[in-house]
1. Can you confirm whether region 152-161 contains a residue that is part of a loop (DSSP other than H, G, I, E, B), at pLDDT below 95 and either closer than 23 Å to residue 76 by Cβ or out of contact with any helix residue (DSSP H, G or I) (no Cβ under 9 Å at 6 or more places or on another chain) (or both)?
2. Determine, yes or no, whether residue 79 is in a helix (DSSP H, G or I) and closer than 18 Å to residue 121 by Cα.
3. Residues of region 174-194 being in a helix (DSSP H, G or I) and in contact (Cβ under 8 Å) with a residue 12 or more places away in the chain, which ones?
4. List every residue pair whose Cβ atoms lie under 7 Å apart, where the two residues are 6 or more positions apart in sequence or sit on different chains, the first residue falls within region 151-173 and is without any contact (Cβ under 8 Å) to a residue 60 or more places away in the chain, and the second residue, located anywhere, is in a helix (DSSP H, G or I) and surrounded by fewer than 17 Cβ atoms within 10 Å (Cβ to Cβ).
5. Kindly indicate the residue of region 16-32 that is surrounded by fewer than 19 Cβ atoms within 10 Å (Cβ to Cβ) and assigned to a helix (DSSP H, G or I) and also modelled with the lowest pLDDT among those meeting that condition.
6. Hey, can you tell me all the residues within region 70-99 that are closer than 21 Å to residue 129 by Cα, free of Cβ contacts under 8 Å to residues at least 60 places away in the same chain and surrounded by 11 or more Cβ atoms within 10 Å (Cβ to Cβ)?
7. Which of (1) surrounded by fewer than 20 Cβ atoms within 10 Å (Cβ to Cβ); (2) out of contact with any helix residue (DSSP H, G or I) (no Cβ under 9 Å at 6 or more places or on another chain); (3) at pLDDT 90 or above does residue 67 not meet, given it meets every other one?
8. Say whether the condition of being crowded, with 16+ Cβ neighbours inside 10 Å, more than 14 Å from the chain's Cα centre (by Cα) and in a loop (DSSP other than H, G, I, E, B) is met by at least one residue in region 124-132.
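The values are calculated or read from the model by the stated rules, or taken from the named source; none is laboratory data. This one's a predicted model, so the numbers in the text were calculated from it and none came from an experiment. Using ideal geometry, Cβ is built from the backbone for each residue, glycine included, and neighbour counts are taken over all protein chains shown.
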């Protein structure tokens, strides 16, 4: 079973690409979603985050508030690295356990790790291949704003903390350009799966 990273900047269409990979038979682990779950449910992770960032990140019930944490973590490179230093080891462990479970089940040829920061975290060294989904900035901005979860300023701030599109493309084993229709995106993924399997 191939272990493949799927990454791309905010608004690139990585999550849509991930759904297409899944519909075509790949097993997909959403590492960013798992990271959010860890922050919400894992008491050890919560305790480490509070030790790192202080009580400003907790809500009235004493839990880590993800919005407060994001505001602090995305203010500069240092805070971003401190967040990653706490969370990434737990995510890496979770991915490895999930990969072994799916491998033992023997039902999939491709295991996809869907994550925004595959290169930034160094996880690319644990993978057979990395696929980068890329799109022009205007398309990325339109898609990210359409979600109505972040402001333009917040989106630009997140882009700032990720590697540039050029850096990711230069490192990638495969690149999917996503500036056209979703039908075209799915066709590109279908042909890429044929190359891989």
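1. Start the filter on region 152-161 by keeping residues that are part of a loop (DSSP other than H, G, I, E, B), which leaves none.
The answer is no; no qualifying residue exists.
2. Values: in a helix (DSSP H, G or I): yes; closer than 18 Å to residue 121 by Cα: yes.
The answer is yes for residue 79.
3. Let us first name the residues in region 174-194 that are in a helix (DSSP H, G or I), namely 182-194.
Those that are in a helix (DSSP H, G or I) and in contact (Cβ under 8 Å) with a residue 12 or more places away in the chain: 182, 185, 186, 188, 189, 190, 192, 193.
4. Sorted first by the residue in region 151-173, then by its partner, the pairs are 152/145.
5. Among residues in region 16-32 that are surrounded by fewer than 19 Cβ atoms within 10 Å (Cβ to Cβ) and assigned to a helix (DSSP H, G or I), the one modelled with the lowest pLDDT is 32.
6. Filtering region 70-99 for residues closer than 21 Å to residue 129 by Cα gives 88-89, 91-99.
Narrowing the set further to residues that are free of Cβ contacts under 8 Å to residues at least 60 places away in the same chain leaves 88-89, 92-93, 96-97.
Of everything in region 70-99, those that are closer than 21 Å to residue 129 by Cα, free of Cβ contacts under 8 Å to residues at least 60 places away in the same chain and surrounded by 11 or more Cβ atoms within 10 Å (Cβ to Cβ) turn out to be 88, 89, 92, 96.
7. (3) is the only condition that residue 67 fails.
8. Just the residues of region 124-132 that are crowded, with 16+ Cβ neighbours inside 10 Å, to begin with: 124, 127, 129-132.
Those left that are additionally more than 14 Å from the chain's Cα centre (by Cα): 127, 129.
Checking the rest, the ones that are also in a loop (DSSP other than H, G, I, E, B) come to 127.
Yes, some residue in region 124-132 is crowded, with 16+ Cβ neighbours inside 10 Å, more than 14 Å from the chain's Cα centre (by Cα) and in a loop (DSSP other than H, G, I, E, B).
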